[in-house]
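Trainee: Before anything else, here's the structure in question.
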Amino acid sequence: MSAFAPRRLWALCRKESYQIVRDPSSILVAFILPVILLFVMGYAINLDADHMRIGLLVEDPGPAAVRLEQTLCASRYFEVHSGSSREALVTRMAHGEIRGIVIVRSDFTSKLKQGHGDAAVQVITDGGEPNTASFIAAYVQGAFDTWQRDLAVDQGLQSAPTLDLRLRTWFNPGNVSRNFLVPGSIAVVMTIIGALLTSLVVAREWERGTMEALLATPVTKAELLVSKVLPYYVLGMLALIICLGVSVFVMGIPFRGSLLALVGISTLFLGSALGMGLFLSTVLRSQFNAALAALTSAFLPALMLSGFVFEIDSMPKALQFLTRIIPARYFASSLQTLFQAGTIGASLWANALGLGLLMLFWLGLTALKTRRTLD
Amino acid sequence: MLKRLLRLIVKEFQVTLGDKRARAMLIMPVILQTLIFPFAATLEVKHSTLAIYNQDGGQASVELIQRLSHTAAFSRILMVHDDGALQETIDRQQALLAIRFPMDFSRNLTAGRTAPLQVLLDGRRSNSGQIAAGYASQVFQAYAAERGAKATSTLSVRNLYNPNLDYKWHILPSLVAIITTIGCLIVTALSVAREREEGTFDQLLVSPLTPAYIMAGKAVPGVTIAVVQGSFIAVAAAWGYGLPFSGSVPLLLTGLVFYGLALAGVGLFISSISENQQQAFLGVFAFMAPAVMLSGYVAPIENMPRFFQWVAICDPLSYCIPIMKGCFLKDFGFRDAWHLLWPLLAIAIVTLSAALRLFRRHIA
Amino acid sequence: MIPAPTDQDLTIEVHDLVKRFHAEGPAALDQVSTGVAHGSITGLVGPDGAGKTTLLRTMAGLLMPTSGTVRILGLDPFRQGNLLREKIGYMPQKFGLYEDLTVLENLDLYADLRNVTGEERRRSFEKMLAFTDLAPFTARFAGKLSGGMKQKLGLACSLLGSPQVLLLDEPGVGVDPISRRELWRMVRELAQGGMTVVWSTAYLDEAELCDDVRLMNHGRVMASGAPKTLLGLLEGRCLHVANLAGHRREVLRRALNAPEVMDGTIQGANVRLLLREAGRRPDLASLEAGPAATLVEVEPHLEDAFISLLGGGPGGDSALSKVMPRVELDPHTDPHAVIEARRLSKRFGDFTATDDVSFRVSKGEVFGLLGPNGAGKSTTFKMECGLLKPSEGQALVMGIDLKSSPSEARQRLGYMAQKFSLYAQLTVMKNLVFFSGIYGLEEERQRVKIQQMVEAFALEPFLDTLTGELPLGFKQRLALACAVMHEPQLIFLDEPTSGVDPVTRREFWTHINGLAQKGVTVMVTTHFMDEAEYCDRIGLIYRGRLIALGTPDELKQGVATPDRPNPTMEDAFIELVQGADR
């Protein structure tokens, strides 16, 4: 008797596939949820704050102040709400109706005329939303600079020598956050398919008693394991194709890399994610616990620690180290490269190595923990 | 009947917390997440690498590089010596930001002319790149301001509620709501499915307990778990992470109870439409992932397309997070939070009654 | 009693086998040594927790022995499992097939796993499908099969690849008598073809048909040998009380209380007794069995041997009934229709599970609902206790329609589900507290009631045990305790004795009888035909219709023929079902 009989393997894979196809919930998770999540992450998570609502209080009727007001209103970044009093605006900010307040005091024009440099425009932001707050501060600063320059030109003043920062965003000239968030979310979505679905499959066999019958047949450990990996690998690849199609053709995200590299990297990633799910399922033998464990150890880390929204370099050293054992980290980075930068060997190989090692680790551990006995 | 309800609730706790593994599953993730996420989930840019190609070599560029290296954003400066290498640092993700000082940079500056300089950022991480570029730009502006004539007016920025824009102040109150979501939903949604799989549900149905009582028995533990987990994280935030707590404790608890009720409603609704634990679990997940995304935690709701803004209106998380933030940072009292509390209650009423309807139909 | 396994023809040899699940814990198998001869059917019998399943699993190579050896066909199932697995078929106790696969897909899977291909596969499928009568259902999902069909399919799957050894773990649990006969016929044919079969069973009438029997208790083999040889000790100890007048259940109760009697059952018109000693008979007069009653010596059965080895059955009085109050029905309730089905029908899609069923059950009556697997008795049962809504007709309990109703009616009924349905994660005590609590028992009354239940069902040693870890018999006892704690006026019992050993079954029926005496109305389903004899009346459901309704005697008389003047309940069952088919 061989350790690996193609017929048995095929039979087990076929069985697994039937079960996948016939369970509406696995279809939901593999095909429908990814599309929903991609849309949510691609359109709803807009880090490029566009029309931020700010309150404006102009107590000074002078032309300089009016001009500043015009500059702010003209900016595409702001939706300006004029207010009558500082207190009213602060209350509205507390309730989250506006995210920042710009105040031009009544003595602004007069101070400006005095020219002591103490004419101040005040910006108050909602620090509860730090990201938005810093965006508002930066954009008001931009509008303020424009206003100041225009004012100087009007008055025929010589402006101070300035530094002219010419920002160029490589790969993503329009700075569309969707372009990097969507590839990153594909990594999260694939983690879900890989780890979440497989975390249930072995536990289910134990709970339903089918494992006992299976173990009494000539099935080998290797066949059992491979038969759990292969069908879900195919499912994962199908989901990847759908994700790719939706992002490129529906959402218009450019894909610049090679498909072959994508398949290669995805294979390694699915190997490690499936391995992790199977490991949890094998060890815990209960759907309830395995599912919770998968949610905590696969999905949330993929969301938080993969670096697709939150910069890994900004995390404390210990956490940075922790991210190294998270498959989604390597996959998110590879996808962002493949989508936006193209096939850049150096960066991809490093990620491939990481994924390969993780795949060996999780699958190896699962193989080690897979027993052919009941106790 | 109240005493019977009490028995039902006690039983629910015994079943949920009786198993050592299940208990660990409700406690461990909360602790781990409270420990890890505040450090991880930050949009700040720290310790990143800056690549510099200095063609200039003049005093101004050296001074600027010196200053850049002293910011928290850039812990490492990578000096390269040609354009190709500069590009490669971005390609290989070795640097987040690359700056090229052109040959005549210092000369231009000394001559009082506008001095252009090029900044490249990695579009794969354009958000972080922009933030980093923002930091760099501040350094440049400050430098220019020092050299230039005094401006006639200034812009003063004050960040209310969170003067230093500390991300933890934003994340921790949000985590109170987010982490709580998982425990509460799983407990309510899966427990009915589990009873159905194990056959104990029938035993309850033939007892004098009515479906409404059975549901209440399931909802109370879920709400309790939400409140306990939420309070735990809140305490950790206030004492462990040193967040200010300016609002009212009763409001925080009320917010958690209302939020727990809304979640229990959602959980019970999911459980009443699913046949087994697996479906219930996947249902919870299908609800939770978008709910977190659309809550305004990652990005403000007003920036979303209309459609998603409407969806966010039904998302209990989008009310709970502002309540928590209000309690911690904004000195909220009940009056301030009322506009957030009633929608939660409304969601709870709608989901709970829908779940009850489905329950009754399922049974009869 | 253990014969030294000297026979060269032994297919399975077990030597000093010990299996402990925890190093310090009790041994699940304690020094078991036995052998199984080639081409024989060996029955494995014993009470719950005796170690039958552990022994079978060890033989199948699924458990590692703590010490001792097992050899099947000369191979060690644990270490040489790879070689052995192709030669043995194993059918676990819990249905181990994929419910979301069709019958044919299940067969295909196991055929591929056992490398049955080409012509051989075609032939064996043909044979299996004919064998199991599953041919018309090949495209049906296994989850949609009835219990008996599932077991047959399970057996078919474990038979693929013509194993030389077949290990069956209680294939007859929850299976109706007709399907059980068919299962038995299949296995017998296989054994004649040279296959060695080990068959664990709770049905002693089944075990009696085996070539060889191993009687296990507490992880040890207590007795082995052919059924006939085991009966030797019982010569002269088995009696029938024949020609009796009066209520048989009452006679049995009195007989069981006699010191000379070890065990007793109702058998047809007679009461069957097992004596402690061959010579000492009970005083016939004290049984109050009527003037014509006589004691007739009869052939002993394996069940008698089993009971005798385990020290006898329970007494005639139910400790439970002692603590139950006498039922006083509401004056408005018709005592002749405590439970009533009025033209009850239930359709699922275009499938009619229950079709126009009507019956009434009087106060204090034990009403049995019998029928083959999948015939619709569970559906009828569930409608009566308000768990399913009838498509047509009414299911009434004490004149009240449960579906519209109200907790007060439910307060008065008790229910014990077919599937074990207490909280496995909770301890025995917590379950008792919970179930008494939701029925409104509080404080002192609750405490007293729980104490009564603990005493009546001997639950004391298990109070802090997790319910999921109880032996099956105690699980069932606890389930009954939870169902009667609130002193219901009527009680629904859905296969309460499924898979339970004979001693525990006796005890259950003692309780049921005791409850009925107190005026509790009992509706019960069962697959054990000897249990059907305890019922006052029986409704036989087949293909959704009530095909027969009457006392056990009436049903039996209905099928009596000149060749078979005294049919058993099983005969009646089979005859009526087959008659309905014609």
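Trainee: Among the residues of region B:144-165, write down those that are more than 7 Å from chain A (Cβ to nearest Cβ) and either farther than 23 Å from A:LEU89 by Cα or assigned to a helix (DSSP H, G or I) (or both).
Mentor: B:ALA145, B:GLU146
Trainee: Let me ask something additional. B:GLY260 passes all but one of (1) farther than 24 Å from B:ALA337 by Cα; (2) buried (at least 23 other Cβ atoms within 10 Å of the Cβ); which number fails?
Mentor: (1)
Trainee: Out of curiosity, is C:SER421 more than 7 Å from chain B (Cβ to nearest Cβ) and either surrounded by 20 or more Cβ atoms within 10 Å (Cβ to Cβ) or touching a residue at least 40 places away in the same chain (Cβ under 8 Å) (or both)?
Mentor: No.
Trainee: Can you tell me which of C:GLY315, C:GLY290, C:GLY311 is of a type outside the set (Phe, Trp, Tyr), at pLDDT below 85, in a loop (DSSP other than H, G, I, E, B) and more than 30 Å from the chain's Cα centre (by Cα)?
Mentor: C:GLY290
Trainee: I need every pair where a residue in region A:124-144 that is in contact (Cβ under 8 Å) with a residue 60 or more places away in the chain and more than 7 Å from chain B (Cβ to nearest Cβ) has its Cβ under 6 Å from the Cβ of a residue that is surrounded by fewer than 24 Cβ atoms within 10 Å (Cβ to Cβ) and aromatic (Phe, Trp, Tyr), sequence separation at least 6 or different chains.
Mentor: Here the result reads A:TYR139/A:TYR77, each pair linking region A:124-144 to a residue that is surrounded by fewer than 24 Cβ atoms within 10 Å (Cβ to Cβ) and aromatic (Phe, Trp, Tyr).
Trainee: Would you tally the residues in region A:85-112 being more than 9 Å from chain B (Cβ to nearest Cβ) and part of a helix (DSSP H, G or I)?
Mentor: 7
Trainee: Related question: Sort out which residues of region A:269-300 are assigned to a helix (DSSP H, G or I) and surrounded by fewer than 24 Cβ atoms within 10 Å (Cβ to Cβ), and write them in order of number.
Mentor: A:GLY271, A:VAL283, A:LEU284, A:ASN289, A:LEU295, A:THR296, A:SER297, A:PHE299, A:LEU300
Trainee: Just checking, which of B:GLU146, B:GLU197 is surrounded by fewer than 22 Cβ atoms within 10 Å (Cβ to Cβ), at pLDDT below 85 and within 30 Å of C:VAL484 (Cα to Cα)?
Mentor: Sole residue among the options that is surrounded by fewer than 22 Cβ atoms within 10 Å (Cβ to Cβ), at pLDDT below 85 and within 30 Å of C:VAL484 (Cα to Cα): B:GLU197.
Trainee: Only one of these is at pLDDT 85 or above, in contact with a helix residue (DSSP H, G or I) (Cβ under 9 Å, 6 or more places away or on another chain) and surrounded by 18 or more Cβ atoms within 10 Å (Cβ to Cβ): A:GLY307, A:GLY264, A:GLY236. Name it.
Mentor: Criteria check complete, one pass: A:GLY236.
Trainee: Give, as residue ranges, the helices (runs of 4 or more DSSP H) completely inside region C:512-582 that count at least 2 residues that are closer than 19 Å to C:CYS385 by Cα.
Mentor: Working: elements: C:529-532, C:552-558, C:569-581.
So the answer is none; nothing clears 2.
Trainee: Looking at (1) surrounded by fewer than 18 Cβ atoms within 10 Å (Cβ to Cβ); (2) touching an Asp or Glu at 6+ places or on another chain (Cβ under 7 Å), which one does A:HIS81 not meet, given that it meets all the others?
Mentor: (2)
Trainee: Then there is this: Assuming C:PHE351 fulfils every condition listed in (1) under 25 Å from C:VAL175 (Cα atoms); (2) within 27 Å of the chain's Cα centre (by Cα); (3) modelled with pLDDT under 85 apart from one, which condition is it?
Mentor: (2)
Trainee: Continuing with this model, one more query. Looking at C:GLN418, C:GLN394, which is the one that is out of contact with any Ser or Thr (no Cβ under 9 Å at 6 or more places or on another chain), of a type outside the set (Asp, Glu) and outside any helix (DSSP H, G or I)?
Mentor: None of the others qualify; the one that does is C:GLN394.
Trainee: Does at least one position in region C:441-458 carry a residue that is closer than 19 Å to C:VAL524 by Cα, part of a helix (DSSP H, G or I) and basic (Lys, Arg)?
Mentor: Narrowing region C:441-458 to residues closer than 19 Å to C:VAL524 by Cα: none.
Taking every residue of region C:441-458 in turn, none turns out to be closer than 19 Å to C:VAL524 by Cα, part of a helix (DSSP H, G or I) and basic (Lys, Arg).
Trainee: Filter region A:54-71 for residues that are assigned to a helix (DSSP H, G or I) and closer than 11 Å to A:ARG105 by Cβ and give the result.
Mentor: If the condition is that a residue be assigned to a helix (DSSP H, G or I) and closer than 11 Å to A:ARG105 by Cβ, then A:ALA65 is the only one that fits.
Trainee: Next question, about the same structure. Restricting attention to region B:39-72, which residues are closer than 27 Å to B:ASP104 by Cα, within 13 Å of chain A (Cβ to nearest Cβ), touching a Phe, Trp or Tyr at 6+ places or on another chain (Cβ under 9 Å) and not hydroxyl-bearing (Ser, Thr, Tyr)?
Mentor: B:LEU50, B:ASP56, B:ALA60, B:GLU63, B:LEU64, B:ARG67, B:LEU68
Trainee: Scanning for something within 14 Å of chain A (Cβ to nearest Cβ) and in a loop (DSSP other than H, G, I, E, B), does region C:41-51 turn up at least one residue? Spell out how you get there, then give the answer.
Mentor: Initially, region C:41-51 is screened for residues within 14 Å of chain A (Cβ to nearest Cβ), giving none.
Looking through region C:41-51, none of the residues is within 14 Å of chain A (Cβ to nearest Cβ) and in a loop (DSSP other than H, G, I, E, B).
Trainee: Okay, moving on. Which fully enclosed helices (runs of 4 or more DSSP H) of region C:145-215 have 3 or more residues being within 25 Å of C:LEU104 (Cα to Cα)?
Mentor: So the answer is C:147-159, C:177-192.
Trainee: If C:LEU107 satisfies every condition in (1) in contact with a helix residue (DSSP H, G or I) (Cβ under 7 Å, 6 or more places away or on another chain); (2) buried (at least 20 other Cβ atoms within 10 Å of the Cβ); (3) within 9 Å of chain A (Cβ to nearest Cβ); (4) closer than 19 Å to C:LEU160 by Cβ but one, which is the exception?
Mentor: (3)
Trainee: Let me ask something additional. Filter region C:329-344 down to the residues that are free of Cβ contacts under 8 Å to residues at least 60 places away in the same chain and surrounded by fewer than 19 Cβ atoms within 10 Å (Cβ to Cβ) and list them by number.
Mentor: Those that are free of Cβ contacts under 8 Å to residues at least 60 places away in the same chain and surrounded by fewer than 19 Cβ atoms within 10 Å (Cβ to Cβ): C:PRO331, C:PRO335, C:HIS336, C:ARG342, C:ARG343.
Trainee: Of everything in region B:3-48 that's β-branched (Val, Ile, Thr) and in contact (Cβ under 8 Å) with a residue 12 or more places away in the chain, which residue is nearest to B:VAL223 (Cα to Cα)?
Mentor: Out of the qualifying residues, it is B:ILE9.
Trainee: Further question: Provide a single number: the residues in region A:303-334 that are out of contact with any His (no Cβ under 8 Å at 6 or more places or on another chain), within 11 Å of chain B (Cβ to nearest Cβ) and assigned to a helix (DSSP H, G or I). Before you say what the answer is, go through the steps one by one.
Mentor: Initial filter on region A:303-334 (out of contact with any His (no Cβ under 8 Å at 6 or more places or on another chain)): A:303-312, A:315-334.
Then drop every residue that is not within 11 Å of chain B (Cβ to nearest Cβ), which leaves A:303-312, A:315-320, A:322-323, A:326, A:332-334.
Checking which are assigned to a helix (DSSP H, G or I) leaves us with A:303-304, A:312, A:317-320, A:322-323, A:332-334.
Summing the residues that are out of contact with any His (no Cβ under 8 Å at 6 or more places or on another chain), within 11 Å of chain B (Cβ to nearest Cβ) and assigned to a helix (DSSP H, G or I) in region A:303-334 gives 12.
Trainee: Let me ask you something else. Of all residues in region C:89-105, count the ones that are modelled with pLDDT under 90 and aliphatic (A, V, I, L, M).
Mentor: Of the residues in region C:89-105, 1 are modelled with pLDDT under 90 and aliphatic (A, V, I, L, M).
Trainee: Return the residue satisfying two criteria in turn: it lies in region B:335-352 and is exposed (fewer than 13 other Cβ atoms within 10 Å of the Cβ) and not basic (Lys, Arg), and of such residues it is modelled with the highest pLDDT. Full working, then the answer.
Mentor: Taking region B:335-352 first, the residues exposed (fewer than 13 other Cβ atoms within 10 Å of the Cβ) are B:335, B:338, B:342.
Those left that are additionally not basic (Lys, Arg): B:338, B:342.
Values: B:TRP338: 91, B:TRP342: 95.
Filtering region B:335-352 for residues that are exposed (fewer than 13 other Cβ atoms within 10 Å of the Cβ) and not basic (Lys, Arg), the one modelled with the highest pLDDT comes out as B:TRP342.
Trainee: If I go through region C:84-104 residue by residue, how many of them are closer than 14 Å to A:LYS15 by Cα and in a helix (DSSP H, G or I)?
Mentor: 2
Trainee: Of the conditions (1) more than 10 Å from chain A (Cβ to nearest Cβ); (2) out of contact with any Leu (no Cβ under 6 Å at 6 or more places or on another chain), B:SER272 fails just one. Which one is it?
Mentor: (2)
Trainee: Among the candidates A:ILE186, A:ILE193, which residue alone is in contact with a Leu (Cβ under 8 Å, 6 or more places away or on another chain), under 29 Å from A:SER306 (Cα atoms), more than 10 Å from chain B (Cβ to nearest Cβ) and modelled with pLDDT under 85?
Mentor: None of the other options fit; the residue is A:ILE193.
The values are calculated or read from the model by the stated rules, or taken from the named source; none is laboratory data. Not measured: the values here are computed from a predicted model. As a convention, Cβ positions derive from the backbone with ideal geometry for all residues, glycine included, and neighbour counts pool all protein chains shown.
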